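This report concerns only the one structure given below.
The values are calculated or read from the model by the stated rules, or taken from the named source; none is laboratory data. Source: prediction; values computed, not measured. For neighbour counting, all protein chains shown are included, and Cβ atoms are generated from backbone atoms with ideal geometry for every residue, glycine included.
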Amino acid sequence: MSQPAFFIRFLTVAWLAGYFLTPSAYAEPAPPAIHLAGGEEVAWAWRFVATTEGKPQLVFAFADARDDAPHFYRLTMRPTSAEVPIAAERDGDLHIFFKDGTHYRLRVPPDLANAPQMTKNDFPELRLPDGRVPVALCADETQSGLYAIVPQNTAQAIIDAVKKDADADTNGPRPADIDLSSGKFALVRYNESVWSTVAPLPPEFDDHQACWLVCTDKGVQLLFARKPAPSELLHARRASDAWAFVKASAPTDPAAIVAACTFDDTVVLITRSEPDGEKHVTLTPLLFENDAWQTGETLKLGDEQLRIDPAASAAGRLGEYLIVAWAGTGKAAADGANADATANDPNNVYAARWPIGGGAPRAQPVAIIALAGAPEPVVSERSRQLLTLAAMTIMLVVVMLRRRDSFITDLPVPEGYVLARLSRRFLALMIDLIAVGIVVYPALAISWMAQNGIRLDERFQEQFLYAYTQDQEGVFWRWLIAVAVFALYGIVFEATLGATPGKLALRLRVFDDHAKKPSFGAIVLRNLTRFEIYPIGQFSPISILVALTRNRQRIGDLISNTIVAEKS
């Protein structure tokens, strides 16, 4: 092999190895905490994951109640590391309160293909006075509102602001006077971007230790534990503009409550057991309906109980079901879907739905790829692309210098052949791609679609786009495997028959620069350098070389010194 040819091939192989095989520095794994808020239409989950700089980044994902399995899709938004101490889902939107008291609304994008990148500042809502973060928050789905618990002074500030606006609008209705002197906390309502004070909370709430606020068709319900009696759960309902305590006591310690939600008139408490030797717990729903508490069945996976780490899990509602998201630790994760070694990785997150009464899940657990805490390369994608383009530019310059004869002279072709027309080469490529796709598509694409819950129905495009945004790395490597299979396909047929089936169908053959059958090394090299179909967008423009060069050679032909000819 001549020195120039060796240099060209060495540079090509080195560049490919450098791009795909160079190890990158990785960030630390993300913290395990998971948060979840759900409702009639959508469930939202969020978690801190590690950024490429090693800093925590808050990531939100959403799941649609129409899917049997809760497939979560990542919400595209600019990075933020702010804390969200409280949130609630209403009408599919997620209302979040950051630690500084700012209130934002995150919306599921109606069309991800055309939706711009969102930021937490895209949908600002009205802040509570003094930047207050509510003590508790819930959605009133019957009237598209939010209820919140705030201190007395915050509720009074809301009243004063409403009165001030009423004084400015002499034709508007006068707000009713509300006496807040009976308690230290009050119930407020948020509707149509306006805060209003509803009523003071019962005085018993003043020394609360923990509380849960829910809203049923019959009104707001409050469950709380007091510091003097932390193991007792008090339950109050607001009806006819007055609070009334429910006599039936919930059969649980308030410390065991994981989440509270409602289904029409039913209040559901998701409770956990005492941790076992592996610090895992089981979850059991408690249902309050017809003024009585009923204990549901412990949530199961397969024939065994779901066992999860309480510090890395969350629960709530999605449609007519309970939903649980948990980090992939413990036996429960391995018993469900993806039962392999990765199921025990605490960075992997899974989710499933159960009937409100508990028992077996509606479908097997699915991975929440959007919340996976897998480390990311420190080298940014933009930097990688710039480095790739620089290497590609250098390689093109070297190839053009070393193969300059191909640009100015006609290479010989065998008798009875002429240089292949571009249209025929394109058709041959399409035939070969279809032939390989028939084998590759079921093995790679269909399995990826099943993993992400993509079905061939009227929502196919929407689901596909959502899944692609959350698993671009998975798509990249599947595409790369498909390209490798295509390269092997070309090598086998060109080495044995002198052309691929697509070329044979259009009477095309591959020759070297002496109009003879190319060496095996040249065939391997020309098929490994199919940059026009590599999963890297910036390479596609180099395919125009086949039209610009004198002998209609693509970059792989120039590197391996081959041509494609057709029977005359």
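Among residues belonging to the stretch 48-89 that are assigned to a loop (DSSP other than H, G, I, E, B) and among the polar types (S, T, N, Q), point out the one that is modelled with the lowest pLDDT.
Quick first cut of the stretch 48-89, residues assigned to a loop (DSSP other than H, G, I, E, B) only: 51-55, 65-71, 75-76, 78-85.
Then keep just the ones that are among the polar types (S, T, N, Q); that gives 51-52, 76, 80-81.
On the way: T51: 62, T52: 56, T76: 75, T80: 81, S81: 82.
Once the filter is applied, the top-ranked residue is T52.
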Wholly enclosed strands (runs of 3 or more DSSP E) of the stretch 196-313 bearing at least 2 residues surrounded by fewer than 17 Cβ atoms within 10 Å (Cβ to Cβ): 208-216, 229-239, 242-245, 292-295
Inside the stretch 267-292, can you point out the residues that are polar (S, T, N, Q) and either in contact with a Gly (Cβ under 7 Å, 6 or more places away or on another chain) or closer than 25 Å to V246 by Cβ (or both)? T271, S273, T284, N290
Quick one: what pairs do we get from the stretch 243-261, first residue not assigned by TED's automatic domain parsing to the domain that holds E204, second of a type outside the set (S, T, Y), C-beta under 6 Å, 6+ apart or different chains? none
The residue from Y441, Y489 that alone is at pLDDT 75 or above, over 34 Å from the mean Cα position of the chain (by Cα) and either assigned to a helix (DSSP H, G or I) or surrounded by fewer than 19 Cβ atoms within 10 Å (Cβ to Cβ) (or both) is Y489
Need the failing condition index for A565 against (1) at pLDDT 80 or above; (2) farther than 12 Å from E494 by Cα; (3) in a helix (DSSP H, G or I); (4) among the small types (G, A, S), just the number. (3)
Within the stretch 314-359, which residues are small (G, A, S) and at pLDDT 90 or above? A314, A315, G316, G319, A325, A351, A352, G357, G358, G359
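Just to be sure I understand, how many residues within the stretch 492-512 are among the hydroxyl-bearing types (S, T, Y) and crowded, with 22+ Cβ neighbours inside 10 Å?
Of all residues in the stretch 492-512, those among the hydroxyl-bearing types (S, T, Y) come to 496, 500.
Adding the requirement that they be crowded, with 22+ Cβ neighbours inside 10 Å leaves 500.
So the answer is 1.
Residue check: is L427 in contact with a Leu (Cβ under 9 Å, 6 or more places away or on another chain) and at pLDDT 85 or above?
Values: in contact with a Leu (Cβ under 9 Å, 6 or more places away or on another chain): yes; at pLDDT 85 or above: yes.
Answer is yes for this residue.
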Hey, does the stretch 513-525 have a residue that's among the hydrophobic types (A, V, I, L, M, F, W, C), at pLDDT below 85 and either in a helix (DSSP H, G or I) or surrounded by fewer than 16 Cβ atoms within 10 Å (Cβ to Cβ) (or both)? no
